[in-house]
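Working notes, beginning with the structure itself.
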Amino acid sequence: MISYDEKKRLFKLDTDNTTYLIRIYPSGHLGHLYYGKILKEVVDPSNLEAAFKIEVGNQVVYDQGDRTFNLNLALLEASTFGKGDFREPMLHFRFPDGSRISDFKYLKHAVLDEKPKMSGLPETFGASGETVETLVVTLKDPARNLELDLFYSLFLRSDVIVRRVVIRNLGEAALIIEKGLSMNLDMLNEDYQAMTLDGAWINERQIHSHDLLPGLFKVDSKKGVSSNDHNPFIAIKQKTTSEDQGRCYGFSLVYSGNFEATMEVTPHNLLRFMMGINSFDFYWNLEKKSEFVTPEVILSYSEQGLNKLSQNIHHLINNNLIKPDWQNHERPVLLNNWEATSFSFNERKLLKLAKAAKKLGIELFVLDDGWFGKRDSDTSSLGDWYPNRKKLPSGISGLCRKVNEMGLAFGIWVEPEMVNPDSDLFRLHPDWAISHPDYEPSLGRNQLILDLANPEVCEYLFDVLSALLASANISYCKWDMNRNFSDVYSRHLPKEEQGSLYHRYYLGLYDLLEKLTKKFPKVLFEACASGGNRFDMGMLYYMPQIWTSDNTDGYERLKIQFGTSMCYPQSVMGAHVSNIPNMQTLRQTPLETRFTTASIGLLGYELDITKITSFEKKVIQKQIAFYKEHRKLLQFGRLTRIKNPFANQGASLMVTSQDKKAAILGVYQALEHPNGALEKIRVRDLDDEKEYLVKNRKQYFNLSMFGDLVRHALPIKISQNSIWFHLLKNRYLMQAESECQSEKGLTYNQNGFIPKQNFIGTGYNEHVRLMGDFGSRLYVFKEKENQEA
Ligand code: DGJ
């Protein structure tokens with residue numbers, strides 16, 4: 001709900017649980033007054049304002065008529081350079097006369113009963129029947145004939161406010177935007193910390209907290225992709241804020257290219273938060289009578305800790321960002337051949353994999369890299385999107401048909417934004433690659449990036465990909481992108497536009513994705529960039545899921561998925577079970593843990609299932625059956641982080657159905673503790689009134705885990721050297737402990753859930769939970785009446 005009090009010159013923006021207050025300063029500048037828990041009424045806005053009511057030394061007075069007001073100590077909604085605000089500005093221009101000064105004041109406002117669609121960029125939207133009220137405040141710099149529209153769209157249930165800026169040049173000359181961020185939020189620094197998600201390839205989105213002290217703190221990407229270095233999601237929280245208590249703000253940019261998030265604390269303890277397209281190596285030539293639209297930032301506030309903040313954003317992503325066709329649309333269990341075969345496969349091998357996959361219960365077979373051109377390694381053929389007939393004599397259509405005949409859907413991998421110098425496409429169009437004529441271009445994974453700022457390139461990609469997707473019954477497409485930008489120069493753009501190349505690249509990519517996803521609405525697209533190098537809300541608008549990381553070790557993945565879940569729901573995280581020793585860590589995480597981690601996400605398998613033992617086959621069959629039975633809950637349930645894995649002391653998390661009739665709790669152990677502590681798992685989010693029956697998912701041990709100790713574990717006494725042991729070990733499924741208890745939701749919420757206690761070295765029986773190093777369990781909570789029905 002948006003209201004404006006003319007007398008107080010105050011805008012009040014209310015979501016279900018939050019209020020955002022914007023005021024118009026007497027000077028006409030747009031000021032920030034409050035963002036936090038919902039307020040009923042504001043009697044006198046000046047009560048909310050921490051401000052000096054006397055002239056402050058060594059500041060630039062904005063207007064001699066009011067010597068107490070200076071822009072450097074004002075809490076602003078939009079900031080620029082040149083009139084005494086010495087903090088980093090949100091906007092910075094270069095005008096034809098060489099000056100950089102600008103000064104924007106309130107002109108008008110409008111309250112719209114919908115969120116206007118701005119074509120060209122990914123954006124949040126109202127669900128069917130949902131009204132997304134939007135406040136548009138127009139500010140003007142009359143000296144420049146330049147206007148700003150500040151947009152605030154309210155998603156009530158998610159407690160989200162979406163902000164963006166449109167810069168309009170009404171003047172008669174072009175000007176240059178040197179910095180055009182999407183938002184500025186000034187508030188008092190109340191001992192805040194910034195929480196960031198940082199990492200690297202196979203180690204994405206690790207959680208870090210930084211005290212915000214006087215000075216500048218910035219995270220950004222200059223890699224041309226939103227990047228695994230720093231995710232375009234930041235939380236500002238108080239030091240004492242935990243997962244379940246305390247105040248925190250979340251900010252996420254709906255954009256996939258270079259970004260910056262700047263936090264500045266001044267000596268007077270003001271905190272400025274800004275986010276948007278990275279101003280480094282950016283400029284935009286804003287022609288007369290034209291406008292520039294910034295990407296959106298989503299803002300949310302929670303005073304019930306980080307879990308609630310994440311749940312707000314998850315709700316928005318699931319309902320207002322993912323394309324409606326894919327919202328709550330259960331995703332298939334897939335087999336991807338990459339970690340099984342890499343580039344060495346032929347049709348026979350693929351069909352063997354598909355046949356084995358079908359037997360396990362897998363639903364979708366995905367052919368990864370290596371099917372096109374002469375691609376036998378990563379040195380060639382990107383750009384040549386026609387099947388390699390040596391590997392695939394019946395082409396993609398023939399392979400797809402055969403896979404379909406087995407009862408499996410078929411999916412394919414592409415990396416369309418790239419070109420290898422050793423490719424027919426590059427030989428034909430060397431100028432289509434991003435590179436400068438005076439420099440030998442530097443390669444990343446032996447490849448160059450196509451210039452998507454050139455519409456001809458985008459048209460070509462649209463045609464070639466349309467032909468591919470139409471050539472067979474393809475129901476899934478993994479869209480990869482495996483290098484960062486260098487040699488940033490477009491052979492297509494004139495010199496005045498070179499500073500806009502990164503952004504124009506994304507406008508080209510987004511346009512291409514818009515057209516393709518429209519043309520092939522039934523194809524499930526999964527974004528990927530060397531794993532999670534472009535995991536952002538921009539990509540999610542077009543592709544409803546993203547390959548979270550190339551790290552498939554079930555234990556490390558837990559950390560990556562935990563970090564990712566700060567902003568993104570499990571319904572968008574591709575998560576696969578792979579072989580051991582793990583390709584990325586050489587760790588031997590148990591098969592069941594590889595599954596329990598992947599199951600709180602979009603489950604896939606990525607190993608040579610034609611070579612696994614019959615024990616493994618049986619276990620995988622059971623995993624898939626369990627996943628299918630609980631798929632809706634696992635993929636779309638509300639996620640609660642209970643214990644984070646970063647201290648390497650185990651972890652737990654839970655998904656709860658929207659109606660709270662069911663929940664699944666994942667419990668993960670790091671290393672086995674000899675004679676370890678007793679434990680309680682602080683479950684939350686159960687319905688206080690309901691009674692739940694709790695059972696663990698049946699898990700199975702392989703006898704080889706016990707070696708000669710097997711004599712103590714089995715009712716029949718056999719030695720590990722006996723023929724029986726060898727016969728049994730790959731066939732016999734030794735069932736782990738069974739858990740079965742029922743209790744009121746309130747009791748579990750208050751007292752915690754106490755499962756059977758861990759093995760402590762004194763023996764093994766039905767009262768003992770044997771986890772071992774990197775072991776795990778899933779517990780299913782079901783409303784009791786439901787069970788009995
Ligand atoms: C990088 C991806 O992250 C992998 O999953 C795989 O698709 C390879 N590229 C293929 O080259």
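The values are calculated or read from the model by the stated rules, or taken from the named source; none is laboratory data. In this text the structure is predicted, and so the values were computed from the model without any measurement. Virtual Cβ from ideal backbone geometry, glycine too; neighbours counted across all protein chains shown. Quick note on the areas: whole protein, heavy atoms, side chains included, nothing else; ligands and nucleic acids left out. Shrake-Rupley method; radii C 1.70, N 1.55, O 1.52, S 1.80 Å.
Of the residues Asn269, Asn307, Asn312, only one is surrounded by fewer than 21 Cβ atoms within 10 Å (Cβ to Cβ), within 24 Å of Asp191 (Cβ to Cβ) and touching a residue at least 12 places away in the same chain (Cβ under 8 Å); which? Let's see the steps before the verdict.
Details: Asn307 fails: surrounded by fewer than 21 Cβ atoms within 10 Å (Cβ to Cβ); Asn312 fails: surrounded by fewer than 21 Cβ atoms within 10 Å (Cβ to Cβ).
Answer to the check: Asn269.
Against the condition basic (Lys, Arg) and open to solvent by less than 30 Å² (accessible area, probe 1.4 Å), how does Arg697 come out, does it pass? I'd like the intermediate steps shown before the answer.
Working: basic (Lys, Arg): yes; open to solvent by less than 30 Å² (accessible area, probe 1.4 Å): yes.
Yes; evaluated as a whole, the condition is true for this residue.
Those residues that are open to solvent by 10 Å² or more (accessible area, probe 1.4 Å), small (Gly, Ala, Ser) and away from the ligand (no atom under 12 Å from the Cβ), I need them from the range 374-389; list them, please.
Answer for the range 374-389, where residues must be open to solvent by 10 Å² or more (accessible area, probe 1.4 Å), small (Gly, Ala, Ser) and away from the ligand (no atom under 12 Å from the Cβ): there is none.
Any idea how many residues of the range 725-740 are under 21 Å from Lys661 (Cβ atoms) and surrounded by fewer than 16 Cβ atoms within 10 Å (Cβ to Cβ)?
Step one: of the range 725-740, the residues under 21 Å from Lys661 (Cβ atoms) are 739-740.
Checking the rest, the ones that are also surrounded by fewer than 16 Cβ atoms within 10 Å (Cβ to Cβ) come to 740.
Qualifying residue count for the region: 1.
If I filter the range 457-478 down to residues being crowded, with 19+ Cβ neighbours inside 10 Å and of a type in the set (Val, Ile, Thr), which single residue comes out as nearest to Ala433 (Cα to Cα)?
Out of the qualifying residues, it is Val457.
Which residue pairs have Cβ atoms under 9 Å apart, sit 6 or more places apart or on different chains, and have a first residue in the range 406-424 that is within 11 Å of Trp385 (Cα to Cα) and open to solvent by 10 Å² or more (accessible area, probe 1.4 Å) and a second that is at pLDDT 95 or above and within 16 Å of the ligand (Cβ to nearest atom)?
The qualifying pairs are Asp424/Gly373; Asp424/Ser381; Asp424/Gly383; Asp424/Asp384.
Could you tell me which of the residues Thr262, Thr241 is of a type outside the set (D, E, K, R), buried (at least 17 other Cβ atoms within 10 Å of the Cβ) and outside any strand (DSSP E or B)? Explain how you work it out, then say what you get.
Values: Thr262 fails: outside any strand (DSSP E or B).
The match here is Thr241.
Yes or no, residue by residue, for (1) assigned to a loop (DSSP other than H, G, I, E, B); (2) of a type in the set (D, E, K, R):
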| position | (1), (2) |
| --- | --- |
| Pro96 | yes, no |
| Arg100 | yes, yes |
| His109 | no, no |
| Gly120 | yes, no |
| Leu135 | no, no |
| Thr138 | no, no |
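Suppose we keep only residues that are touching a residue at least 24 places away in the same chain (Cβ under 8 Å) and part of a helix (DSSP H, G or I) within the range 489-499. Which one would you say is surrounded by the fewest Cβ atoms within 10 Å (Cβ to Cβ)?
Only one residue fits best here, namely Glu496.
Just need a number here: residues in the range 505-541 that are on the phi < 0 side of the Ramachandran plot, hydroxyl-bearing (Ser, Thr, Tyr) and crowded, with 21+ Cβ neighbours inside 10 Å.
Here is the first cut: in the range 505-541, the residues on the phi < 0 side of the Ramachandran plot are 505-529, 532-541.
When the remaining residues are screened for being hydroxyl-bearing (Ser, Thr, Tyr), the result is 505-506, 510, 517, 541.
Filter once more, so that each one left must be crowded, with 21+ Cβ neighbours inside 10 Å: 505-506, 510, 541.
Total satisfying the criteria: 4.
Looking at the range 209-218, can you tell me whether even one residue there is small (Gly, Ala, Ser), at negative phi and crowded, with 19+ Cβ neighbours inside 10 Å?
Looking only at the range 209-218, we keep the residues that are small (Gly, Ala, Ser), and these are 209, 215.
Within this subset, residues satisfying the condition of being at negative phi are 209.
Next, only the ones that are crowded, with 19+ Cβ neighbours inside 10 Å stay: none.
Within the range 209-218 (the criterion being small (Gly, Ala, Ser), at negative phi and crowded, with 19+ Cβ neighbours inside 10 Å), the answer is no, since none of the residues qualifies.
Just checking, which of Ala354, Ala340 is within 30 Å of Ile609 (Cα to Cα), touching a Phe, Trp or Tyr at 6+ places or on another chain (Cβ under 6 Å) and either more than 16 Å from the ligand (Cβ to nearest atom) or open to solvent by 10 Å² or more (accessible area, probe 1.4 Å) (or both)? Let's see the steps before the verdict.
Details: Ala340 fails: touching a Phe, Trp or Tyr at 6+ places or on another chain (Cβ under 6 Å).
After applying the criteria, what remains is Ala354.
Quick test for you: out of Ile716, Ile760, pick the one residue that is assigned to a loop (DSSP other than H, G, I, E, B), hydrophobic (A, V, I, L, M, F, W, C), without any contact (Cβ under 8 Å) to a residue 12 or more places away in the chain and open to solvent by 70 Å² or more (accessible area, probe 1.4 Å).
Unique residue meeting the criteria: Ile716.
So which of Ser486, Ser475 ends up being part of a loop (DSSP other than H, G, I, E, B) and away from the ligand (no atom under 16 Å from the Cβ)?
Details: Ser475 fails: part of a loop (DSSP other than H, G, I, E, B).
Within the list Ser486, Ser475, the selection yields Ser486.
Sort out for me the helices (runs of 4 or more DSSP H) sitting completely within the range 500-619 that have 1 or more residues that are of a type in the set (Ser, Thr, Tyr), over 24 Å from Gly444 (Cα atoms) and within 16 Å of the ligand (Cβ to nearest atom). It would help to see each step written out before you state the result.
Working: elements: 501-519, 537-542, 554-564, 591-599.
Fully inside the range 500-619 and qualifying: 554-564.
Only one of (1) in a loop (DSSP other than H, G, I, E, B); (2) open to solvent by less than 50 Å² (accessible area, probe 1.4 Å); (3) not β-branched (Val, Ile, Thr) is not met by Glu766, so which one is it?
Only one criterion is unmet by Glu766, namely (2).
From the list Lys349, Lys308, pick out the single residue that is at pLDDT 95 or above and either under 30 Å from Ser397 (Cα atoms) or within 16 Å of the ligand (Cβ to nearest atom) (or both). Walk me through how you get there before you give the answer.
Numbers: Lys308 fails: either under 30 Å from Ser397 (Cα atoms) or within 16 Å of the ligand (Cβ to nearest atom) (or both).
Criteria check complete, one pass: Lys349.
Which pairs turn up if I take residues in the range 92-105 that are more than 14 Å from Ala174 (Cα to Cα) and look for partners that are outside any loop (DSSP other than H, G, I, E, B) and basic (Lys, Arg) with beta carbon separation below 7 Å, at least 6 apart in sequence or on another chain?
Close Cβ pairs (under 7 Å, with a partner that is outside any loop (DSSP other than H, G, I, E, B) and basic (Lys, Arg)) amount to His92/Lys179; Phe104/Lys140; Lys105/Lys140.
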